[in-house]
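Colleague: Could you have a look at this structure, given as structure tokens, before my questions?
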Amino acid sequence: KKVNKLKLLLLYLTGHKRQVTAAVIEKDGKILIAKRRKGRTLGGRWEFPGGKIEPGETAETCLKRELKEEFDIESEIGKFIIASQFRYCLVPIELLAYRVKHLSGDFKINEHEEIRWVLPSELKLYDFMPADKPIVKLLAK
């Protein structure tokens, strides 16, 4: 019975797309990137900050909440940029990236190992999460 339950769980997980968000925050011609903490899934790799959309949330509400939790900043969510689709541990993921304006608050690193402000042309020098690579490609043009 345990094997059947596990099979059902895997079928459920692989059949349902998980939506997550990413913020492209620009300041003085540079873009904010964040390094995932070691010890976490894919720790040590770079990403655009954001997170999982919770039930009942819009992508914009999620991103605003995540940026408050991760950096203790207030932000304004702008234009949708791109969606990318990948699988992590058999689960299909859709990453929704938005332009974001930093409104207030000093960036505090609550969830990541470090953050950096980099030029768009420098993005390709960093080891990004697979789902973030289409964003990198678009911004580095």
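The values are calculated or read from the model by the stated rules, or taken from the named source; none is laboratory data. Quick caveat, the model's predicted, so the values are computed rather than measured. Positions of Cβ are backbone-derived with ideal geometry, glycine not excepted, and every protein chain shown enters the neighbour counts. For accessibility, only protein heavy atoms count, side chains too; no ligands or nucleic acids. Shrake-Rupley method; radii C 1.70, N 1.55, O 1.52, S 1.80 Å.
Colleague: For the pair residue 133/residue 85, report the inter-label distance in nm, with labels modelled 7 Å from Cα in the Cβ direction.
Modeller: Taking the two extended label points, one gets 1.7 nm.
Colleague: Taking Cα atoms, how many degrees apart are the long axis of helix 59-71 and the longest axis of the chain, rounded to 10 and kept between 0 and 90?
Modeller: For helix 59-71, the angle is close to 70 degrees.
Colleague: For the stretch 32-136, state which trypsin sites (Lys or Arg not before Pro) are in a DSSP loop and have at most 11 other beta carbons lying within 10 Å of their beta carbon.
Modeller: Of the trypsin sites (Lys or Arg not before Pro), the ones in loops of the stretch 32-136 whose Cβ has at most 11 other Cβ atoms within 10 Å are 38, 108.
Colleague: So what is the 222 nm mean residue ellipticity for the chain from helices alone, if each DSSP H run of at least 4 adds -39500 (n - 2.57) and you divide by all residues, rounding to the nearest 500 deg cm²/dmol?
Modeller: Per the formula, -7500 deg cm²/dmol.
Colleague: So if I place +1 on the C-beta of Lys and Arg and -1 on the C-beta of Asp and Glu, and nothing else carries charge, what would the dipole magnitude of the stretch 39-133 be about its Cα centre? I want it in debye, nearest 20. Write out the running numbers ahead of the final one.
Modeller: Details: 14 positive and 18 negative charges, 68 e Å.
In debye, rounded to 20, the stretch 39-133 gives about 320.
Colleague: Right, next: For the cross-link pairs 35/124; 30/141; 17/79; 17/64; 17/52; 68/101, which exceed 19 Å when the distance is taken from alpha carbon to alpha carbon?
Modeller: Check vs 19 Å cut-off fails for 17/79; 17/64.
Colleague: Here is a follow-up. Heavy-atom accessible area per residue, the chain, 1.4 Å probe: how many Å²?
Modeller: 60 Å²
Colleague: Rounded to the nearest percent, how much of the accessible area of the stretch 37-141 (1.4 Å probe, protein heavy atoms only) is carbon and sulfur?
Modeller: 53 percent
Colleague: Can you pull the Kirkwood radius for the stretch 44-141, inverse mean 1/r over Cα pairs, to one decimal in Å?
Modeller: Computed over Cα pairs of the stretch 44-141, the Kirkwood hydrodynamic radius comes out at 14.4 Å.
Colleague: So for the chain, taking the charge dipole from beta-carbon charges (+1 Lys/Arg, -1 Asp/Glu), which of 81, 131, 96 sits furthest toward the positive end?
Modeller: It is 131.
Colleague: Quick one: ranking 112, 102 by accessible area, 1.4 Å probe, largest first, what do you get?
Modeller: I get 102, 112, largest accessible area first.
Colleague: Moving to a separate point now. Using alpha carbons only, how many degrees (0 to 90, rounded to 10) separate the axis of helix 2-15 from the longest principal axis of the chain?
Modeller: It is inclined by approximately 40 degrees.
Colleague: With the convex hull built on the Cα atoms of the stretch 47-93, state its orientation-averaged projected area in nm².
Modeller: 4.0 nm²
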